[in-house]
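Working notes, structure below.
Values quoted throughout were computed directly from the atomic coordinates according to the rules given, and no laboratory measurement underlies them. Keep in mind it's a predicted model, so treat the numbers as computed, not measured. Neighbour counts run over all protein chains shown; Cβ positions are idealised from the backbone, glycine included.
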Amino acid sequence: MRQYTRLNISEREEISRHLALNDSIREIAQIFNRSASTISREIRRADMTLSSYRASAAHRDATQKALFQKKQPKLEVNPCLRTYVIKKLRDRWSPKQIAKSLIFDYPNDMSMRVSAETIYAYLYVRPRGRLKRRLTVFLRQRHKNRRSHGKDRKSTNPIQDYISIDLRPPDVNSRKVPGHWEGDLIMGAMNRSAIGTLVERTTRFTILVKLKDKDSASICQAFARKLNQLPPEFKKTLTHDQGQEMVAHSLITQKTKIRVYLAHPHSPWERGTNENTNMLVRDFYPKGTDFSKISSKRLKRTQDLLNGRPRQVLNWHKPVEVFNQLLR
């Protein structure tokens, strides 16, 4: 199939000449190896007849219209194409699937072509308010705003010399032996502040850590200070995710003698106790909280409320009760 290209001025002059010779539209199309509909649209687009068609005027008009259409998104000026795209989005097709299917569904109609990027641009740039929400909900990821793929991202430092969760002692999983902890961060508004959470796997006893700075060394030292307040029998292991806050994980081991194990990337279920605890903490500090304005005294009050709450997983005992009982 011949790839479609726009008519140029030379072709328009030839069309004008053949029309003057009273050649039919079909005959002209065969000469140029074009479809008859292309020649017919060319004459109609110029608002001329077979006898009044003039190449220069038609070319000037086509150029002006092309410039105007470049300023208009393709899905704005082509209602048929827009209807097709929106229908497929409703059927949960991805923009890339839609773009490819147009080639098969409309093999001879080049006006029914659109790239996946154009569809994304239409969804995220053009609509506003309720219309935008109605359209972007059809996308699988359902982001409110387009994520940038070409932007340079903040570089991260690889975590060195860490011990994988795969090497963690078996008694950690059994929860029969206390002293094994899970740790994480809860981020504040705009990721500009944070607090640390530490939860003991057997008793569900929770410690909230006030953080003054967000660099790895400060975070690990703050964790170490809290863990060093524990009795020796409650200082065995700490399991954390592979966030950048653990780049300095060796500081925790140096200061507390607690071995730090890191979970696999994107595997929050490997620290399920901590993930659940973070959810409970969020009841007190919802998203958007500025943790730099939360005092240590208030964090301690929240910690006491969490540990003084009866838990079904502990047969309705309180974490602080189970923790203190194991100290005896």
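Under conditions of 10 °C and 1.306 mPa s, the stretch 163-327 yields 100 µm² s⁻¹ as its translational diffusion coefficient, taking Rh as the Kirkwood radius over Cα pairs in the Stokes-Einstein equation.
Return the subset of Lys176/Lys236; Lys293/Lys318; Lys74/Lys96; Lys210/Lys293 for which the Cα-Cα distance in this structure is over 20 Å, preserving the input order.
Lys293/Lys318, as the Cα separations exceed 20 Å there.
Across the stretch 234-288, the mean sequence separation of Cα contacts (distance under 8 Å, 6 or more residues apart), normalised by length, yields a relative contact order of 34 percent. With the simple model of a label 7 Å out from the Cα in the direction of the Cβ, Ser174 to Lys297 spans 4.5 nm.
Using C-alpha pairs below 8 Å separated by at least 6 residues, the relative contact order for the stretch 163-327 is 25 percent. Of all aspartates and glutamates in the structure, the ones whose alpha carbon falls short of 19 Å from that of Lys235, not counting any fewer than 8 places away in one chain, are Asp171, Glu182, Asp184, Glu200, Glu321. Quick check: Cα centre of the stretch 97-114 to Cα centre of the stretch 296-317, how many Å? With the stretch 97-114 and the stretch 296-317 each reduced to a Cα centre, they are spaced 60 Å.
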